[in-house]
Amino acid sequence: MTSRRTFIKFSAFSAALLSVGKSMGSPRLHTSSEKPIVLSTWEHGLAANEDAWKILSANGKAIDAVEKGVMNTEENLKNQSVGLGGLPDRDGHVTLDACIMDELGNCGSVCCLEHIKHPISVARMVMDKTPHVILVGDGALKFALNHGFTKETFDRTPEADKAWKEWLIKAQYKPIINVENHDTIGMIALDAAGNLSGSCTTSGLAYKMHGRVGDSPIIGAGLFVDNEVGAAAATGTGEEVIRVCGSHTVVEMMRAGHSPEEACRIAVERVSKSPKNVKEMQIGFIAINKHGEFGGYALQNGFNFAVHSNKINNELCDAKHLW
Ligand code: SD4
């Protein structure tokens, strides 16, 4: 995949997009619209973007693209951080978190869901078919089964089982920056009609306490969409993203006139002031604004995200970082 990686020079890219906004003294970038466009976290975002792009390039809806896109990652059992191939919690359970949000502010979420291949589609069904936003645990599973999802019977993949048993020998919980944290796929998209949507799905932090829920299924933390402004998604140690309402903060910073990258940087700076020792953690954000401008920013080196538009043919971009 490395050969596909492009170190997109954001300054050059942004300069090409600059129009009257700067000469009028506004910090806001203006651009001829770059839509459709889809962004997703980490290298597994490349394959997910391909599926999302099939929908976006055919003038499909962003909400359908972001669901379909991350399903690609969920069904890859070799991926140990999303879907049923994920590493389990400390008790051996693979518990999945996901959420989805559309251009109208509709949203759905599942937390701590077990034995279901596509938590993102259950989240979508919570959004589409219930008056609620979040279903958790057994209730989420029951809802999924009642709506035609199949219960997968295996507890862990053989690879995850082996990794867990090795972990049990020492049973130390210490997430490794950019390795163990390659968890979530967050995906945000702007469709040809100019509507934004987003999705987020994960097996969460490996060897977490049973019942622990991170930021990924929490609207405003792992994902937020405001169709007037932009969309954002997060990855990394969820507790720190929740503490600053991360994705909501990114969108609000775009509303205040900041570019997507600046908005992500401001959210990362807030994370950096955490009372916890975030020096040991990785947190990254991605964002798109209503004009189709995009950006990402992380605490540490090593965070990347995949971008697909008409101008950018599904490239992996290294995010700038604070430390
Ligand atoms: C969580 N945010 O459960 C997820 C994990 C993650 O990259 O995204 N890691 O806290």
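Side notes on the structure shown:
- Scanning segment 32-56 for residues that are open to solvent by 10 Å² or more (accessible area, probe 1.4 Å) and within 15 Å of E74 (Cβ to Cβ) yields H44, A47, E50, D51.
- Residue within segment 287-304 that is in contact (Cβ under 8 Å) with a residue 60 or more places away in the chain, of a type in the set (S, T, N, Q), within 16 Å of the ligand (Cβ to nearest atom) and closer than 29 Å to G194 by Cβ present: yes
- The criterion of being touching a residue at least 40 places away in the same chain (Cβ under 8 Å), within 27 Å of D138 (Cβ to Cβ) and within 15 Å of the ligand (Cβ to nearest atom) holds for D183.
- Residue check for E114: of a type outside the set (V, I, T) and closer than 17 Å to M187 by Cα: no
- All of T150, T130 fail the test of being among the polar types (S, T, N, Q), in contact (Cβ under 8 Å) with a residue 24 or more places away in the chain and surrounded by fewer than 19 Cβ atoms within 10 Å (Cβ to Cβ), apart from T150.
- Within segment 215-232, residues that are over 12 Å from E252 (Cα atoms) and open to solvent by 30 Å² or more (accessible area, probe 1.4 Å) have Cβ atoms under 8 Å from residues that are near the ligand (Cβ under 10 Å from one of its atoms) and of a type in the set (A, V, I, L, M, F, W, C) in these pairs: I218/I242, counting only partners at least 6 apart in sequence or on another chain.
- Where a residue in segment 233-246 is farther than 16 Å from A287 by Cα and its partner, wherever it lies, is within 7 Å of the ligand (Cβ to nearest atom), with Cβ under 6 Å and at least six apart: G238/G214; G238/D215; I242/D215
- Taking residues in segment 37-53 that are closer than 8 Å to H308 by Cα and in contact (Cβ under 8 Å) with a residue 12 or more places away in the chain, and partners anywhere that are surrounded by fewer than 24 Cβ atoms within 10 Å (Cβ to Cβ) and among the aromatic types (F, W, Y), the pairs with Cβ atoms closer than 9 Å and at least 6 places apart or on different chains are V38/W53.
- Taking the criterion of being of a type in the set (G, A, S) and over 16 Å from N76 (Cα atoms), the residues of segment 111-137 that qualify are A123, G137.
- For segment 57-90, residues that are charged (D, E, K, R) and either open to solvent by less than 10 Å² (accessible area, probe 1.4 Å) or touching a Pro at 6+ places or on another chain (Cβ under 8 Å) (or both) total 2.
- Flag if S274 is of a type in the set (S, T, N, Q), more than 18 Å from the chain's Cα centre (by Cα) and either crowded, with 20+ Cβ neighbours inside 10 Å or on the phi > 0 side of the Ramachandran plot (or both): no
- Qualifying positions in segment 156-189 - open to solvent by 90 Å² or more (accessible area, probe 1.4 Å) and either modelled with pLDDT of 85 or more or of a type in the set (D, E, K, R) (or both): P158, E159, K162, K165, E166, I169, K170, K174
- Residues that are surrounded by fewer than 22 Cβ atoms within 10 Å (Cβ to Cβ) and within 9 Å of the ligand (Cβ to nearest atom), drawn from segment 233-244: E239, I242
- Selection within segment 130-144 - under 14 Å from T95 (Cα atoms) and either of a type outside the set (G, A, S) or part of a loop (DSSP other than H, G, I, E, B) (or both): L135, V136, D138, L141
- Condition met for H93 (within 16 Å of the ligand (Cβ to nearest atom), open to solvent by 10 Å² or more (accessible area, probe 1.4 Å) and either at pLDDT 95 or above or among the charged types (D, E, K, R) (or both)): yes
- Search result, residues across segment 96-123 that are assigned to a helix (DSSP H, G or I) and either out of contact with any helix residue (DSSP H, G or I) (no Cβ under 6 Å at 6 or more places or on another chain) or open to solvent by 40 Å² or more (accessible area, probe 1.4 Å) (or both): P119, S121, A123
The values are calculated or read from the model by the stated rules, or taken from the named source; none is laboratory data. Computed from a predicted model, the values in this text were never measured in an experiment. Glycine gets a Cβ as well: all are built from the backbone with ideal geometry, and neighbour counts include every protein chain shown. Calculation scope for accessible area: heavy atoms of the full protein, side chains included, ligands and nucleic acids excluded. Shrake-Rupley method; radii C 1.70, N 1.55, O 1.52, S 1.80 Å.
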